[in-house]
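Visitor: Below is a structure I'd like to ask you about.
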Amino acid sequence: MTNEKNILQDSHGRDHGYLRISLIERCNLRCTYCMPEEGVKLSPKSHLMTYEEIYEIAKTFVNHGVTKIRLTGGEPLIRKDIPVILEKLATLPVELSITSNAVIIDKFIDILKANGVKKINVSLDSLDAAKFKHITRRHEFEKVYNNILLLVKEGFIVKVNAVLMKGFNDNEIIDFIHFTKDLPISVRFIEFMPFDGNKWDMSKMVTYAEVMNYVNTSFSKDQIVRLQDAPNDTSKNYKIEGYKGCFAIISSVTNPFCDSCNRLRLTANGQLKNCLFSSTESDLLTTLRAGNTIEPVIQKAVQAKFKIRGGMDTLDKLQQPKLHNNNRSMITIGG
């Protein structure tokens, strides 16, 4: 029997009120840490959720306590029916937000506003056009940069996500912080995480401690302000005194936030992942298409969630490729 009241509470007492829905596995960029160099095998179109199925699954989660939905991809805005998806989800009593690479987001300003989307996360790993091209394998830096400025001007709450990689963009940490001087944005530094095909190893990672070392050597102690983190926040938040914006560090590897995790992920082909690091998935779409209730599948998946990092509860385990190479590449999970 399904316990109707608590199907989104796991065996460690964590309630899950935040659902991230990937709309598409394709992207108009080819970021190296997200997509393997050889590309990925895409799900056939018939295996992807339709907008009606996205709505039905989302509605079920909302009925059981989800209050926040974030749309991700790939690049969610390249999905042709994105206006319909936004309109359908906007009828649910949730905070609706989106993660985008911002290459084409200028075309969607009015649609986003019309459907109550106020918070937008933009992926940007370098403020240097040449580095941007190297990591994305595309020459779109100017578009992305200008669209970030446009989003701020249009009144959106903008977070800029930068995945840090040692020897590549760690020398831009202070440049990114200076980016917050005159813009009311939050720059979030994300530790490089292991996914299929992204050639991860610990030596490429820039840790929370290393980021703060850059900060502490570039600013005086009284300039660095520690901000109050929101409940269930994945990041440790700071700002520089007098700057309009702020910065944060998401240290999923070295300082995981698993104790307060309230997130679940739905892939574009309708698989529920209870943890970003987990290689196990639960098939909601096949169950839905068979005309069966998805609640028992959801509850079983939530109950199976490990206490920390998909069961990789030590850095030693995290460094064992066999434990994370069975996971998807990031582009097919959803950012």
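Visitor: Working only within region 273-304, note down all residues that are surrounded by fewer than 19 Cβ atoms within 10 Å (Cβ to Cβ), closer than 22 Å to CYS258 by Cα and of a type in the set (A, V, I, L, M, F, W, C).
Guide: Listed by number, the list holds a single entry, ALA304.
Visitor: Show the residue pairs meeting these rules: Cβ distance below 7 Å; 6+ apart or different chains; first residue within region 293-304 and outside any helix (DSSP H, G or I); second residue open to solvent by less than 60 Å² (accessible area, probe 1.4 Å) and hydrophobic (A, V, I, L, M, F, W, C).
Guide: Hits for this filter: ILE294/ILE57; ILE294/LEU284; ILE294/LEU288.
Visitor: Out of curiosity, is GLU87 over 14 Å from LEU284 (Cβ atoms), buried (at least 18 other Cβ atoms within 10 Å of the Cβ) and acidic (Asp, Glu)? Before you say what the answer is, go through the steps one by one.
Guide: Working: over 14 Å from LEU284 (Cβ atoms): yes; buried (at least 18 other Cβ atoms within 10 Å of the Cβ): no; acidic (Asp, Glu): yes.
No: the conditions fail for GLU87.
Visitor: Confirm whether PHE156 is open to solvent by 10 Å² or more (accessible area, probe 1.4 Å) and within 22 Å of ILE82 (Cα to Cα).
Guide: Numbers: open to solvent by 10 Å² or more (accessible area, probe 1.4 Å): yes; within 22 Å of ILE82 (Cα to Cα): yes.
The answer is yes for PHE156.
Visitor: Sticking with this one: Got a sec? Which of ASN161, ASN147 is touching a residue at least 40 places away in the same chain (Cβ under 8 Å) and either part of a strand (DSSP E or B) or among the basic types (Lys, Arg) (or both)?
Guide: ASN161
Visitor: In region 164-182, how many are open to solvent by 30 Å² or more (accessible area, probe 1.4 Å) and either touching a residue at least 60 places away in the same chain (Cβ under 8 Å) or under 15 Å from the mean Cα position of the chain (by Cα) (or both)?
Guide: Residues meeting the conditions: 2.
Visitor: How many of the residues in region 116-133 are in a strand (DSSP E or B) and surrounded by fewer than 18 Cβ atoms within 10 Å (Cβ to Cβ)? Please lay out each step first, then the result.
Guide: First, the residues of region 116-133 that are in a strand (DSSP E or B): 119-123.
Next, only the ones that are surrounded by fewer than 18 Cβ atoms within 10 Å (Cβ to Cβ) stay: 119.
The total comes to 1.
Visitor: Right, here's the next one. So which residues in region 211-243 are within 13 Å of VAL187 (Cα to Cα) and among the charged types (D, E, K, R), if there are any at all?
Guide: Of the residues in region 211-243, the ones within 13 Å of VAL187 (Cα to Cα) are 211, 235-240, 243.
Within region 211-243, LYS236, LYS239 qualify.
Visitor: A follow-up question, please. For residues that are open to solvent by less than 30 Å² (accessible area, probe 1.4 Å) and part of a loop (DSSP other than H, G, I, E, B), tally how many sit in region 244-268.
Guide: 8
Visitor: State all residues of region 47-59 that are assigned to a helix (DSSP H, G or I) and either within 15 Å of ALA290 (Cβ to Cβ) or among the aliphatic types (A, V, I, L, M) (or both); if no residue qualifies, say none. Quick ask: steps written out before the conclusion?
Guide: Applying the first criterion (assigned to a helix (DSSP H, G or I)) to region 47-59 yields 47, 51-59.
Within region 47-59, HIS47, GLU53, ILE54, GLU56, ILE57, ALA58 meet the criteria.
The values are calculated or read from the model by the stated rules, or taken from the named source; none is laboratory data. Values in this document were obtained by computation on a predicted structure and should not be read as measured data. Quick reminder, even Gly has a Cβ in these numbers, built from the backbone with ideal geometry, and neighbours come from all protein chains shown. For accessibility, only protein heavy atoms count, side chains too; no ligands or nucleic acids. Shrake-Rupley method; radii C 1.70, N 1.55, O 1.52, S 1.80 Å.
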